[in-house]
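J.: My questions will all concern the structure given below.
Every number in this text was worked out from the coordinates using simple rules, so none of it is lab data. This one's a predicted model, so the numbers in the text were calculated from it and none came from an experiment. As a convention, Cβ positions derive from the backbone with ideal geometry for all residues, glycine included, and neighbour counts pool all protein chains shown.
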């Protein structure tokens, strides 16, 4: 695998995802919705959370694009939540790429007592 270098933009995107999923209640909601389409009452009953707390976390997950909401065509008070597979795949790929152990590099001596004069001069030439 080629060495991956993450741009500032990619790292900012990664941090945005981390902020969304770092909240334990959101992970619980995601886990439940991954099991299948769920409505508010099913989520509340299974997770024992207050309705306003569920609504807040569902809103964050929706804004991030991880879940989709669909109102019942007969009674619009009912909202059904499902996983957005495309967003989940993007998240999985990003985490896989970032935490890929093939990215780990050996320490390149550029300072300290172990650097030879030849290495120091070579590094100076590369930075010019």
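J.: Alpha carbons only, please: Rg and Dmax for the chain, in angstrom.
T.: 22.7, 78
J.: Set the Förster distance to 35 Å, then compute FRET efficiency between residue 126 and residue 18 from the Cβ-Cβ distance, nearest 0.05. Kindly include the intermediate steps, with their values, before the conclusion.
T.: Details: r = 33 Å, r/R0 = 0.95.
With R0 = 35 Å, the Cβ-Cβ based efficiency is 0.55.
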